[in-house]
1. Please indicate, with yes or no, whether at least one residue in the stretch 186-196 is of a type outside the set (Val, Ile, Thr), surrounded by fewer than 20 Cβ atoms within 10 Å (Cβ to Cβ) and farther than 30 Å from LEU255 by Cα.
2. Restricting to the stretch 236-262, give me the number of residues that are assigned to a helix (DSSP H, G or I) and either touching a strand residue (DSSP E or B) at 6+ places or on another chain (Cβ under 7 Å) or away from ligand 1 (no atom under 12 Å from the Cβ) (or both).
3. Sort out which residues of the stretch 282-338 are among the hydrophobic types (A, V, I, L, M, F, W, C) and assigned to a loop (DSSP other than H, G, I, E, B), and write them in order of number.
4. Within the stretch 107-115, does at least one residue satisfy the condition of being surrounded by fewer than 21 Cβ atoms within 10 Å (Cβ to Cβ), away from ligand 1 (no atom under 16 Å from the Cβ) and without any contact (Cβ under 8 Å) to a residue 12 or more places away in the chain?
5. Scan LEU143, LEU179 and give me the residue that is away from ligand 1 (no atom under 14 Å from the Cβ), modelled with pLDDT of 95 or more and in contact with a helix residue (DSSP H, G or I) (Cβ under 7 Å, 6 or more places away or on another chain).
6. Looking at the structure I just gave you, is VAL8 in contact with a strand residue (DSSP E or B) (Cβ under 7 Å, 6 or more places away or on another chain) and either surrounded by 18 or more Cβ atoms within 10 Å (Cβ to Cβ) or among the aliphatic types (A, V, I, L, M) (or both)?
7. How do the pairs read when you match residues in the stretch 261-278 that are of a type in the set (S, T, N, Q) with residues anywhere that are assigned to a loop (DSSP other than H, G, I, E, B) and more than 8 Å from ligand 2 (Cβ to nearest atom), using Cβ under 9 Å and keeping only pairs 6 or more apart or on different chains?
8. Which of (1) closer than 23 Å to THR173 by Cβ; (2) under 22 Å from the mean Cα position of the chain (by Cα); (3) among the acidic types (Asp, Glu) is the odd one out, the single condition ASP29 does not satisfy?
Amino acid sequence: MSARVCFVVGARPNFMKSAPVYRELAALDPSLELLLLHTGQHYDDAMSDVFFRELGMPRPDEFLAVGSGSHAEQTAKVLVGVERVLLEHEIDLCVVAGDVNSTIAAALAAVKLGIPIAHIEAGLRSFDRAMPEEHNRVLTDHLSDILLAHSEEAITNLQREGISTGVHLVGNTMIDTLLEHLDKARERQSWEQFGLHAGEYALVTLHRPALVDDPAKLTAVTDGLITLARDHPILFPVHPRTLRNLESTGDDARLRDSGVLATEPQGYLDFLCLEADAAFVLTDSGGIQEETTALGVRCFTLRDSTERRVTEELGTNTVLGAKPERIAEIPQLLERPKPGEVVPGWDGHAGARAAETLRAFLSG
Ligand code: UD1
Ligand code: UDP
């Protein structure tokens, strides 16, 4: 009987990390039965469906519709739902990606059933245990049999925690997706619909609870953006968590009145075009620190830590801290260029290397 592999995805950053591995594994060994399970952690069209359409992923075979909730509610619903699917389909290998609640919940469901786990983007560490993602990453890595690492830094982190078997340096599958879609994305000239010009605007994304769930910090960020907008037009695709909080502090109206272009979250291709052609990016996203490194676009990260130190060492990223007052330093920092380098293994072939690793595991 052919082996059955279940890919679990749930939230926006999972889709671009998993898509290349799913596709490459399907091409490498057509005898495998691949099952795509979407937990429904993210569910708006702009946070989920658009990525399936644009990344050419098949419709999920299973959809759990867990939706939003507290950490315990969300994690528990995924745990129960994934367990049912793994049992019903007699799954031989469960593949999870990144560091969201769906990732740890799926890994926990699998390990309790004795099903091996592969973790895409294993080994990242912010060393900040206040971040929900840090709990998710550390625990998922310790449950996984195959740890697909995207950088040497990740391997060092795993070794420090005593994990050395099953670790494979395959590179960055999220950058595979970026390189695959970049030309098509740029042709869209997505900035035009906002009355902007390539190379002249700042692109902003913010969604970390440490920043946007704290009303005082959110208001200070708004002040910083309003001042920055005097130098650069600002385009701000607003994450739903952030929108809810901006509305409750009244800062959404202040942003719009000041000319900051606050918009819906963008689809993958439009966002990639906007990122590639931005003068610079201000963010607290994990993945966007990597994408700007690959694109050679200056990135300022409004967080106290990064689990992607390689983007500071080799890339264009500057970590400012979760300090909204530091937004005021960006115009001077831009005068000091920070040219990036290509990170080894961020070359568009990570998905193929990951697929080879999974197949070798299944046939071994
Ligand atoms: C989650 C991840 C975070 C990741 C981010 C990517 C966890 C713990 N956090 O954070 O690591 O960086 O996704 O975007 O897994 N909402 C909607 N529509 C949606 C999804 C969410 O309106 O489609 C709103 C709901 O009000 C929800 C809130 O956003 O309560 C937060 O969603 P949730 O998935 O819990 O966490 P994120 O902040 O999105
Ligand atoms: N992204 C997108 N549209 C947006 C904002 C982000 O397509 O409006 C993409 C971005 O290019 C990257 C991924 O979403 O591929 C990053 O996800 P996010 O910032 O939500 O999560 P994180 O990486 O912080 O976990």
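The values are calculated or read from the model by the stated rules, or taken from the named source; none is laboratory data. The structure displayed is predicted, hence computed values, not measured ones. When we count neighbours, we look across all protein chains shown, and the Cβ atoms used for this are built from the backbone with ideal geometry, even at glycine.
1. no
2. Of the residues in the stretch 236-262, the ones assigned to a helix (DSSP H, G or I) are 240-249, 251-257.
Keeping just the survivors that are either touching a strand residue (DSSP E or B) at 6+ places or on another chain (Cβ under 7 Å) or away from ligand 1 (no atom under 12 Å from the Cβ) (or both) gives 246, 249, 251-257.
So the answer is 9.
3. At the first step, the residues of the stretch 282-338 found to be among the hydrophobic types (A, V, I, L, M, F, W, C) are 282, 288, 294-295, 297, 299-300, 302, 310, 314, 319-320, 322, 327-328, 330, 333-334.
Passing the criteria: VAL297, LEU302, LEU314, LEU320, ALA322.
4. yes
5. Sole residue among the options that is away from ligand 1 (no atom under 14 Å from the Cβ), modelled with pLDDT of 95 or more and in contact with a helix residue (DSSP H, G or I) (Cβ under 7 Å, 6 or more places away or on another chain): LEU143.
6. So VAL8 passes the test.
7. So the pair list comes out as THR263/VAL238.
8. (2)
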